[in-house]
Amino acid sequence: MTTETMFGRALKRREDPRLITGRGQYVDDIQIPGVQRIFFLRSPYAHAMITSIDTSAAEAHPGVMKVYTGKDLPAVPVPCGVNLPDSNQKTPPYFMIATDRVRHTGEIVAAVVASDIGTARDAAEKIVVEYDPLPVVVDAEKSVMDGAPQLYDGIDNNITFDWKLGGGDIDAAFAGAEVVIKQRLVNQRLIPNAMEPRAVAGRYDSATGDLTLWDTDQNPHIIRLLICMLTGIAENKLRVIAPDVGGGFGSKIFLYAEQLLVTTITKDLATPVKWVETRSENFQATTHGRDHVSYVEMAFMKSGKLCGLKVKTYANMGAFMTAFAPLVPTFLYGTLLSGVYDLPALRVETIGVLTNTMAVDAYRGAGRPEASYLLERVMDIAADELNIDPAEIRRMNFIKGEFPHMAVTGMNYDSGDYEGNLDKALAQFGYADWRAKQAEAKAKGRYLGIGLSCYIEACGIAPSKMVGMMGGGVGLWESGTIRVHPTGKVTAYTGAHSHGQGHETTFAQLISDTLGVPYDNVEIVHGDTNQVQFGMGTYGSRSLAVGGTALLKSAQKLVEKGKKIAAHLLEANAADIEYKDGSFSVKGSPDRSKAFGEVVLMAYLAHNYPADLEPGFEEQTFFDPTNFTFPEGTYMAIVEVDPETGTVTPLNFYCMDDCGNVLNPLIAEGQVHGGVAQGIGQALYENAVYDENGQLISGSMMDYAVPKITQLPSYTTEFAPVPSPSNPMGVKGIGEAGTIGSTAAIANAVMDALSSMNIRHIDLPLTSQNVWNAIQAAK
């Protein structure tokens, strides 16, 4: 048994050796005898009527098993999982294959099944599709104008929802304000670019009716449920396995047409089939993120005191809406627009707009980065106009006092010390010293910039009642089962799913601590609907706060059961039994004890056993918290701008995160590092661009600038935990924090460097061309 405390230990991830030595098993590694490969023919047009499809030449191509078009498949729409209340939401249909009309480049028009992928691709080139092109619109603001091309009948002006949120007396707040800051802000479209593109393989057993689907997804049980609802397959006949998954960032939450098609085709042919997305397909046909245009008005007193905030956002939803899409620019965005500030009044409107582009849904942070960037960027503009230090204007407006705190948006913040976090960050990162270095550099003709961002996020996405009030079609509790085998070894089954988070390590640490068993004796199982009880999956930084709590409670139930068994064996009262370091003993008489292994074995032998207790040593918990958790933090960026070329060089980046108690600091730091890299990518490099014809002109790594390691600064990460009362571990979540806080910090640093040039704002991304153009315009 172990006496080492695992909570708080910086253990290396136990899953890494197999992954970094090529011994992981991803979907494309699954070898199925007789497997056929699928190639999807996709529309080259962003908007067109399909007048005819001739597949005869493709069907005659050697090695082709079958060619499918829309007429061969049931016209069952993939559902959107959210119906926003009081928003007049009109959800467009999303089908497996387009039949008469395409609405974005990359939409599937045919599927070729062949002996290998080369044969399938060659055959697809022989399919003749006749299109009648239609007018295209890719810009959200243009899409709502009268006379703009309409994507669907019955969805006027392409407005799929109009969502509003208000709190406080906004009219009085602005009437009493002395200064109003107005700014148009663009949060550009991003492409998730997980290391592993999407992939699906299917095998159908016609003798038993069982169908197995291997899928790169973040929530296999939900994928199974949706497929069964749409195809009529019984849930006990469909097994979904998400093996090792090479990243997701939100883009693998949803049910796509490809998963349905693989399921339908493998059953129809009674033959194993596989589809592996190319990187080009990934750019075109996997959900994108962000894409907001916002008009902001923020009211202040001349002292810097915040009075009110008005925001109107046009959210580009793309050509259809996937599972969480309506939630992202509404409840996951608007409700966080008060940030860490004591905002008296707020009014938010988000207009969801359909365009001839790929669908937009959750991307790491999902609404929270958009809110943080908007708020923190405008706070810096206000600081500049009011001639107040950016740190001080934040400090004077922080929420202070007791928690929980009900924000004007209706969010009930669980815990935090925003001023304390800022003070620690400024001291630890040497804010005053950097201001002095900045002045010295300026005297030498160098342009250094210092940018701050104070973020907050709602995560541990879970309270089912609250999700229902938001229009969500699922509950977001989580499940955890722990089985202790007769030998004392432990297998834990979690409904959460790991695709880079380190669950196999952190969950084992948690269970080792609670049960007092060696860390190496704990196995974590996830991602298989035939092995694991129904679970809701991983997204929204919910794994530890919700999934971890479910496992913790199951472990605690086992300890309580063990006390009852030990009490029976020791002829003592169960209330007098305590458990420590793998031993059940009578309080005050440590020599009267039973080891964990003895108690477990007796649970299975049941020879000398409490009459009112079931044999076995296994417990299950479904945990549904009562509130979100609210991580927060202060980020500071140091950049240098070359005024001759517009090149921005990030020099240093500092993170002070309150993510509650930290189970594994090493993994938490890794999560921050990855998130910051993506946030810096948005600030400086990444931009998904469609031309006026709906062609994705940033459709490859040649044109879409994912940052290289040489383009990122060194990071300093620190934690300043304030435990959350929403779960027994006091954890909050860290998976998305880096992305949420970093973009605004970098943007503010760039604008700080350019402040002497009278440049107020530059829209993202702050590429050398965009910065150089702004410098020339200012001259």
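Values computed for the structure shown
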| read-out | value |
| --- | --- |
| Residue within the range 91-106 that is without any contact (Cβ under 8 Å) to a residue 60 or more places away in the chain, buried (at least 19 other Cβ atoms within 10 Å of the Cβ) and over 30 Å from I381 (Cα atoms) present | yes |
| Only one of I227, I233 that is assigned to a loop (DSSP other than H, G, I, E, B), touching a strand residue (DSSP E or B) at 6+ places or on another chain (Cβ under 8 Å) and over 29 Å from R347 (Cα atoms) | I233 |
| Restricting the range 746-779 to residues that are farther than 24 Å from S714 by Cα and of a type in the set (V, I, T), the residue that is surrounded by the fewest Cβ atoms within 10 Å (Cβ to Cβ) | I759 |
| Failed item in (1) closer than 23 Å to H104 by Cβ; (2) open to solvent by less than 10 Å² (accessible area, probe 1.4 Å), with V293 passing the rest | (2) |
| Any hit, the range 79-89, residues being without any contact (Cβ under 8 Å) to a residue 24 or more places away in the chain, assigned to a loop (DSSP other than H, G, I, E, B) and out of contact with any Leu (no Cβ under 7 Å at 6 or more places or on another chain) | no |
| Filter result (open to solvent by 10 Å² or more (accessible area, probe 1.4 Å) and outside any loop (DSSP other than H, G, I, E, B)) within the range 336-350 | R347, E349 |
| Pick from the range 492-540, criterion β-branched (V, I, T) and out of contact with any His (no Cβ under 8 Å at 6 or more places or on another chain), ranking: nearest to V474 (Cα to Cα) | V525 |
| Residue in the range 354-366 that is assigned to a strand (DSSP E or B), open to solvent by less than 10 Å² (accessible area, probe 1.4 Å) and not β-branched (V, I, T) present | yes |
| F320 vs. criteria among the aromatic types (F, W, Y), open to solvent by less than 20 Å² (accessible area, probe 1.4 Å) and either touching a strand residue (DSSP E or B) at 6+ places or on another chain (Cβ under 7 Å) or within 30 Å of T286 (Cα to Cα) (or both) | yes |
| Residue in the range 39-47 that is more than 19 Å from A323 (Cα to Cα), among the small types (G, A, S) and not in a strand (DSSP E or B) present | yes |
| Pairs where the first residue, in the range 564-593, is closer than 24 Å to T5 by Cβ and touching a residue at least 40 places away in the same chain (Cβ under 8 Å) and the second is hydroxyl-bearing (S, T, Y) and open to solvent by 30 Å² or more (accessible area, probe 1.4 Å), C-beta under 9 Å, 6+ apart | K580/T3; D581/T3; G582/T3; S583/S593 |
| Strands (runs of 3 or more DSSP E) fully within the range 624-729 counting 2 or more residues that are among the aliphatic types (A, V, I, L, M) and either out of contact with any helix residue (DSSP H, G or I) (no Cβ under 9 Å at 6 or more places or on another chain) or crowded, with 24+ Cβ neighbours inside 10 Å (or both) | 632-641, 648-658 |
| Any hit, the range 395-402, residues being of a type outside the set (A, V, I, L, M), in contact with a strand residue (DSSP E or B) (Cβ under 6 Å, 6 or more places away or on another chain) and open to solvent by 10 Å² or more (accessible area, probe 1.4 Å) | no |
| Count of the range 610-623 residues which are open to solvent by 30 Å² or more (accessible area, probe 1.4 Å), over 32 Å from the mean Cα position of the chain (by Cα) and in contact (Cβ under 8 Å) with a residue 40 or more places away in the chain | 1 |
| Residue list for the range 517-554, filter: more than 28 Å from the chain's Cα centre (by Cα) and surrounded by 22 or more Cβ atoms within 10 Å (Cβ to Cβ) | V517 |
| Residue within the range 599-607 that is free of Cβ contacts under 8 Å to residues at least 60 places away in the same chain, open to solvent by 40 Å² or more (accessible area, probe 1.4 Å), assigned by TED's automatic domain parsing to the domain that holds D513 and within 29 Å of G548 (Cα to Cα) present | no |
| So F95, is it touching a helix residue (DSSP H, G or I) at 6+ places or on another chain (Cβ under 8 Å) and assigned to a strand (DSSP E or B) | no |
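Residue-by-condition table, conditions (1) in contact with an Asp or Glu (Cβ under 9 Å, 6 or more places away or on another chain); (2) at pLDDT below 95; (3) over 19 Å from G738 (Cα atoms); (4) part of a helix (DSSP H, G or I):
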position: M379; (1), (2), (3), (4): no, no, yes, yes
position: A383; (1), (2), (3), (4): yes, no, yes, yes
position: V408; (1), (2), (3), (4): yes, no, yes, no
position: L422; (1), (2), (3), (4): no, no, no, yes
position: S453; (1), (2), (3), (4): yes, no, no, no
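The values are calculated or read from the model by the stated rules, or taken from the named source; none is laboratory data. Note that this is a predicted model, so its numbers are computed, not measured. Backbone-built Cβ (ideal geometry, glycine too); neighbour counts: all protein chains shown. Surface accessibility is based on the protein's heavy atoms, side chains included, excluding ligands, DNA and RNA. Shrake-Rupley method; radii C 1.70, N 1.55, O 1.52, S 1.80 Å.
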